[in-house]
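The values are calculated or read from the model by the stated rules, or taken from the named source; none is laboratory data. For clarity, every value in this text was computed on a predicted model and none was experimentally measured. Here the Cβ positions follow ideal geometry from the backbone for every residue, glycine too, while neighbour counts run over all protein chains shown. Only protein heavy atoms, including side chains, enter the accessible area calculation; ligands, DNA and RNA are left aside. Shrake-Rupley method; radii C 1.70, N 1.55, O 1.52, S 1.80 Å.
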Amino acid sequence: MPVIAPIQSILFVCLGNICRSPLAEAAMRDAAVKAGLDLKIDSAGTGDWHIGHPPDRRAKAAALQYGGIDISGYKARQVRRSDFHEFDLICALDSHNLSDLRSMAGANPARISLLLDHLPGWEGQSVADPYYGEDDDFAACWHQVKAASDSIAQQLVKNR
Ligand code: 4NP
């Protein structure tokens, strides 16, 4: 799915905002810097259980090990109504997050998509929730969100 310019801000949304979406935020920040893109990037959760919490320790370890990125300062927050006005593109990590976001968004859901819709060959697929999984599941999650973020950055550079 092509990312239609102009995109100046991207929000990544999962359930808890402690595993998948902070990894996507970190990967996208890194991809944007490397591509010379000036983007506002954030992440949030549809749920409220982890508001104010740092990322899961396994997510922090994966970001550091595979991306060389320290995400220990990130703090979880919940999606809010203003996000639908403040962000040009909202990327849901899975199909449940996508339908929750579409319900919340009301009249203007046009720029809400699955994150993997932006990775050629992975359209329509969800990033699996690694919360009840193992370190390997966090590694797989990192590599998926990294590939998708790189793909978004490439498309934004192409459309610049
Ligand atoms: P995330 O993972 O949505 O990728 O942050 C989860 C984190 C916490 C829970 C579920 C998923 N939880 O049930 O608390």
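Just need a number here: residues in the stretch 125-154 that are under 15 Å from the mean Cα position of the chain (by Cα), assigned to a loop (DSSP other than H, G, I, E, B) and farther than 15 Å from Cys14 by Cβ.
Looking only at that region, the number is 0.
Can you name every residue in the stretch 16-38 that is open to solvent by less than 20 Å² (accessible area, probe 1.4 Å) and more than 11 Å from the ligand (Cβ to nearest atom)?
Glu25, Ala26, Ala27, Met28, Ala31, Ala32
Counting only residues that are assigned to a helix (DSSP H, G or I), open to solvent by 10 Å² or more (accessible area, probe 1.4 Å) and touching a residue at least 24 places away in the same chain (Cβ under 8 Å), which one in the stretch 44-64 is farthest from the ligand (Cβ to nearest atom)?
My answer is Ala61.
With respect to Ile41, determine if the residue is of a type in the set (A, V, I, L, M), more than 16 Å from the ligand (Cβ to nearest atom) and without any contact (Cβ under 8 Å) to a residue 60 or more places away in the chain.
It is true that Ile41 is of a type in the set (A, V, I, L, M), more than 16 Å from the ligand (Cβ to nearest atom) and without any contact (Cβ under 8 Å) to a residue 60 or more places away in the chain.
So in the stretch 65-104, with the set limited to residues that are polar (S, T, N, Q) and in contact with a Gly (Cβ under 9 Å, 6 or more places away or on another chain), which one is surrounded by the most Cβ atoms within 10 Å (Cβ to Cβ)?
Only one residue tops the list, namely Asn97.
Return the only residue of Ser149, Ser126, Ser72, Ser113 being among the polar types (S, T, N, Q), within 12 Å of the ligand (Cβ to nearest atom), in contact with a helix residue (DSSP H, G or I) (Cβ under 9 Å, 6 or more places away or on another chain) and touching a residue at least 12 places away in the same chain (Cβ under 8 Å).
One residue alone meets the criteria, Ser126.
Tell me which residues, restricted to the stretch 106-124, are at pLDDT 95 or above, more than 13 Å from the chain's Cα centre (by Cα) and of a type in the set (Gly, Ala, Ser).
Hits for the stretch 106-124 are Gly121, Gly124.
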